[in-house]
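Presented below is the structure to which this report refers.
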Amino acid sequence: PRAEKAKRKREPLDSSGGEAAAKRGTRVKAGPDPEPEPEPEPEPEPEPEPEPEEARVADEDDSKKKKKKKDKKEKKDKKSKKSGDVPTVTLAVPGSIIANAQTQELKAYLAGSIARAVAVFRADEVVVYADAARRDVGKDDQNAVFLARILQYLETPQYLRKGLFPVHPDLRHIGLTNPTDMPHHVRMQEWSPYREGVVVDRPTPKGSDTSYVNIGLKKEALIDHRLQTGVRVTVKLDETTKNAKVIKGKAVTPSEPRKQLGVYWGYQVRVAKDLESIWSECPFPEGYDFCLGTSQNGVNVIADREWRLPDFKHMLVVFGGLGGLEEAAEADASVPVGPEDVGTLFDEYVNVCPNQGSRTIRTEEAILVAMSAIQFQVGCVQRDN
């Protein structure tokens, strides 16, 4: 038995290896796992067939047209944004309201109240029209001139008033009025990229077409235009010369500060000899595109929640005097309508204070009431544009 056992130990493993050993009961160490077969490479996608030449040319033409249209629109939007035109608001008030004040002091204070209301609601223009029902025919309306002069004086920055307004009886009681304190009334210690100034009589460098302007600072500014002495001008200052010996700037339009900075920059004042002149002497080439008349006989827009101001470029709001717009139209030969048809002069004829507790609303009160009612909508139109 021992010899047979030794003989079995010397027998080699057969070619089946582990299978033969398993039959004989011998434990065999397992070998490494066989390597996985490589996955077959995906077949390349067939190349798309080239489009026909005609279809390719048509697509290119459509793409060029769309791009050209897009560029044109962007250029138009850029130009519109660059122009920065802000819709304007004009208020027309009768000069006859001054006649209702008993003394010169009360007249000055009343005119100051109108100026405050105009400034608070950021009107761009004030038209003082001669109310035919309250003046002597054939004579200038001194009340309208008085009101216009006070409005101009209070709109002017304090440091320019002495150079622009000579001593006049209408300004005797100007100290009783409240200051308008508008953004262009810049203090001496403040720096602003724009300032109002008046051309002074001072020699300029030889050979230069320039002028010196008093802009309310300790130093006068040198602008790039030769202007007449005593002319008011809006100056854009060069900030790099802020601390230089000479401050330099250039003359710009009065509307540029509002276009560029969005800052209210005061109002213009003009006198109209009658109602018709409010429209015929409009300073805007395209005229007023939306006119609003106010009267207690107008449409009640406060109760109409759906009433909205349309988009406009230049809006005109007209206020009546002691007898309202009806009385002014009846006595004014320049308008071809009677008092019952005065609403046809306007795009909208509205009543912004229905159920009033007083028989009459004074013009200075009507401005505050009417502009308060439409101020939000005016702001929306100006922001959208």
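The values are calculated or read from the model by the stated rules, or taken from the named source; none is laboratory data. These figures come from a predicted structure and were not determined experimentally. Cβ atoms come from the backbone with ideal geometry, glycine included; neighbour counts cover every protein chain shown. Side chains included, ligands, DNA and RNA excluded: accessible areas come from the protein's heavy atoms. Shrake-Rupley method; radii C 1.70, N 1.55, O 1.52, S 1.80 Å.
Overall, the accessible surface of the range 289-385 at a probe of 1.4 angstrom is composed of carbon and sulfur to the extent of 48 percent. Solvent-accessible surface (1.4 Å probe) assigned to Thr344 amounts to roughly 100 Å². Centre-to-centre, using Cα atoms only, the range 298-318 and the range 249-281 are separated by 22 Å. Protection proxy ranking for 356-362, 141-147, using the average of other Cβ atoms within 10 Å per residue and placing the highest first: 141-147, 356-362. From the P(r) of the range 91-189, could you give the percentage of C-alpha pairs in the tail past 18 Å? Taking all Cα-Cα pairs of the range 91-189, the fraction more than 18 Å apart is 47 percent. Report note on the peptides 257-266, 210-219: ranked by the mean count of other C-beta atoms within 10 Å, highest first, their order is 210-219, 257-266. Rounded to the nearest 20, the size of the Cβ-charge dipole of the range 244-332 about its Cα centre is 1080 debye, with Lys and Arg at +1 and Asp and Glu at -1. Distance between the 7 Å Cα→Cβ label points at Lys245 and Arg226: 2.4 nm. Once the mean of 1/r is taken over each pair of separate Cα atoms and inverted, the range 279-350 shows a Kirkwood hydrodynamic radius of 13.3 Å. Placing dummy labels 7 Å off each Cα toward the beta-carbon, the span from Lys219 to Val263 is 2.0 nm.
With 27 Å as the limit, the listed pairs Lys206/Lys259; Lys162/Lys218; Lys107/Lys313; Lys242/Lys313; Lys250/Lys273; Lys219/Lys313 have Lys206/Lys259; Lys107/Lys313; Lys242/Lys313; Lys250/Lys273; Lys219/Lys313 beyond it between alpha carbons.
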